[in-house]
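In what follows, a single structure is set out as structure tokens and then discussed.
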Amino acid sequence: MDYNKLADLLFPDVDKETSYYEDLYPPRNLPEGAMVTRFAPSPTGFVHFGGLFPVLVCERLAHQSGGVFYLRIEDTDSKREVEGAEKDIINAFETFGIKFDESVVHGGSYGPYRQSDRRDIYRCYAKKLVSEGKAYPCFCTAEELSELRERQEAAKVVPGYYGEYVKCRDLTYEQVKKNIDAGKPFVLRFKSFGDSRNKIKFTDLVKGTIEITENDIDHVLLKSDGMPTYHLAHAVDDHLMHTTHVVRGEEWLSSLPYHIQLFRAFDFRLPKYLHISQLMRLAEVEEDGIVKQVKKKLSKRDKGAGLTSYIGEGYAPECVIEYVMTLLNSNFEEWRKANPFAPIEDFKFSVKKMSASGSLFDLKKLEDVSKNVLSRFSADEIYERVAAWSSVYDKEFNLLLTSDPDYAKRILAIGRGGNKPRKDFALYSEVKGYMGFFYDSLFEVSDSIPDNFKKEDIKNAIDLFIKGYDENDDRQTWFDKIKDVAAGIGYCPDMKAYKAAPDRYPGHVGDVSMFLRIAVTGRMNSPDMYDVMNILGKSRVVSRLEAFKNTL
Ligand code: GLU
């Protein structure tokens, strides 16, 4: 068989040699050891939270090594295509601080970055395979293929176009020509050279060395409309775009034997692979009346599956990234403890520290991490971020905040900056609840003083406090005055003395503080009362105390 003649017959539209593209996309001019990575989603219109894992790995590996991280849109399956999806993907990741170096939007010298725009390239490479006898046209109809599937199911054998089930592999040139002249549609199939009795050994950088069954299926390279399948397209693209490391979900592991064959058939250099486990969540299932916890895939319908939903809910992008990093690299938390204020980019991300078994999505952990991250921001940084977030998601609160930025910043500065900063909120959406009482329009008394205290004592304590209150008192003087108030109403001014003989007093200085706290903040728990009163200012403090007294 003259394969060149067959190639010309099948690809009358292809007028270039692959060398044309090899010259057009020469090796990248990058420093030694630089990695080239890509995120290659199909634009389905939904950006999954799980995507953050491979994307962060790609981004870190590329940028840490002085390499390139690009976005390639894999839209050869046009039925699934969604308008505007590319911009959404880019925006979603950029919101989390992850930038692509090359993409449909950013441009770059190795484009086009959308597979549907690369049809000519794929066809040129497909033609090359045909001319080397490594691919062939298959004229089997949909009916023939479904009949084949049924036969294989009945015989309980692996389904697919392989071995004895292959029909079109050995068609002569004349047979092919006749079919083409008759206008019969065809797909192009890969002439697999594998044997399912063999195993191949392969080393994945995350999963380690694995053995997988060799591929013996003659998979489809080009569909009947002339467009490539993902398999052909990604191999050609990763070669021409000079991808050094492929980071993707472990669901692609089973296609790897085929991909390896494809790379070999083209004589392309095989990139390194990192197959990442699916993100799981814990779900409760009932079995025989017993509730059990099982691991399930975080699916599109689950809460928290949409990447951008985190922003609306009030998670700071920095917190989400920090959380993902704790899952991706086992030594990250230790590093963070040693370097609490260092930018996350200073952490040396390492493939070796990735877990092969994958991660469990845990909201509680995300919250803990978030509290830590937010506690490290300065008051100014928190203010800017909460103001920006609330301008979109809580306009009413935004007006209060921005009407007096200095006031808001003084509130946010409470307990910040020291070795043990306060950790009051995990989300921007919790800030209003935390500091709302500083604003009269949001202030309400939600906690009450336990019944065992006499109303008269509370009233007297408030009166005495107001009488002695001086805004200019330092912390110690302010507190000494509260002790005096306690003594003035017959409560024990000293905690130690109280503990030694609790029956001798109706209460202690801490109870007096509690009365004042509930009157002024409306709650049992609040930040430091000295700071709170200083920020609120004397007239607000006194009027709240008076108002509270009147409710007793
Ligand atoms: N387009 C594939 C997907 O949607 C990408 C697989 C790969 O990264 O090679 O997951």
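The numbers here are math on the coordinates, done by the rules we state, and not lab data. Please read all numbers here as calculations on a predicted model, not as lab measurements. All Cβ positions, glycine included, derive from the backbone under ideal geometry; neighbour counts span all protein chains shown.
Cα centroids of the stretch 104-142 and the stretch 191-228: how far apart, whole angstrom?
Rounded to whole Å, the Cα centres lie 18 Å apart.
Can you pull out the chymotrypsin sites (Phe, Trp or Tyr not before Pro) in the stretch 333-376 whose DSSP state is coil and whose Cβ has at most 15 other Cβ atoms within 10 Å?
Passing both the DSSP loop test and the Cβ count: F341.
Which order, highest average first, do 350-358, 250-258 follow once you tally other Cβ atoms within 10 Å for each residue and take the mean per peptide?
Averaged packing, sorted descending, gives the order 250-258, 350-358.
Give, in whole angstrom and from largest to smallest, the semi-axes √(5λ) of the equivalent ellipsoid of the stretch 222-289, with λ running over the eigenvalues of the Cα gyration tensor.
Equivalent ellipsoid semi-axes, largest first: 33, 16, 10 Å.
May I ask which of K16/K352; K207/K365; K99/K300 have a Cα-Cα span longer than 31 Å here? Before the final figure, lay out each step's value.
Details: K16/K352 43 Å; K207/K365 25 Å; K99/K300 24 Å.
The answer is K16/K352.
Relative to the present Cα-Cα distance, how much length would full extension add between D474 and A182 at 0.36 nm per residue of separation? Show your work: numbers first, answer last.
Details: separation 292, 0.36 × 292 = 105.12 nm, distance 9.73 nm.
Once the chain is fully extended between D474 and A182, it gains 95.4 nm.
So in the chain, which Cys have no other cysteine's beta-carbon sitting under 4.7 angstrom from theirs?
Cysteines of the chain left without a disulfide-compatible partner: C58, C124, C140, C319, C492.
Under the definition of Cα pairs under 8 Å and six or more residues apart, what whole-number percent is the relative contact order of the stretch 2-88?
Once normalised by length, the contact order is 35 percent.
I'd like the FRET efficiency for E94 and T141, computed as 1/(1 + (r/R0)^6) with the beta carbon distance as r and R0 of 41 Å, rounded to 0.05.
0.30
Would you please report the Å³ per residue occupied by the convex hull of the alpha carbon atoms in the stretch 12-73? It would help to have the intermediate numbers written out before the result.
Working: hull volume 6.5 nm³, N = 62.
Value for the stretch 12-73: 105 Å³ per residue.
What whole-number value in cubic angstrom gives the convex hull volume per residue for the C-alpha atoms of the chain?
220
Can you give me the relative contact order of the stretch 343-497 as a percent, contacts being Cα pairs under 8 Å and 6 or more apart?
Rounded, it is 18 percent for the stretch 343-497.
Determine the relative contact order of the chain: mean sequence separation of Cα pairs under 8 Å and six or more apart, normalised by residue count, in whole percent.
Result for the chain is 11 percent.
Just report the Cα centroid separation between the stretch 1-66 and the stretch 341-398, whole Å.
32
Please list, short to long, the whole-number percent of alpha-carbon pairs of the stretch 1-148 in consecutive 10 angstrom bins beginning at zero.
For the stretch 1-148, the binned pair fractions read 10, 29, 29, 22, 9, 1 percent.
Rank the residues F437, F443 as a footprinting-exposure proxy: fewest other Cβ atoms within 10 Å of their Cβ go first.
Result, fewest neighbours first: F443, F437.
For K483, K420, K178, K303, what's the fewest-to-most ordering of other Cβ within 10 Å of each Cβ?
K420, K303, K178, K483
How high is the FRET efficiency between Q152 and E132 when r is their beta carbon distance and R₀ equals 35 Å, given to the nearest 0.05? Present the calculation step by step, with values, prior to reporting the outcome.
Details: r = 29 Å, r/R0 = 0.84.
Computed FRET efficiency for Q152 and E132 comes out at 0.75.
If I model a spin label as a point 7 Å beyond the Cα along the Cα-Cβ vector, how far apart are those points for I200 and D404 in nm?
Between I200 and D404, the simple spin-label model gives 7.0 nm.
Please report F93, F453 as a ranked list, fewest other C-beta atoms within 10 angstrom at the top and most at the bottom.
F453, F93
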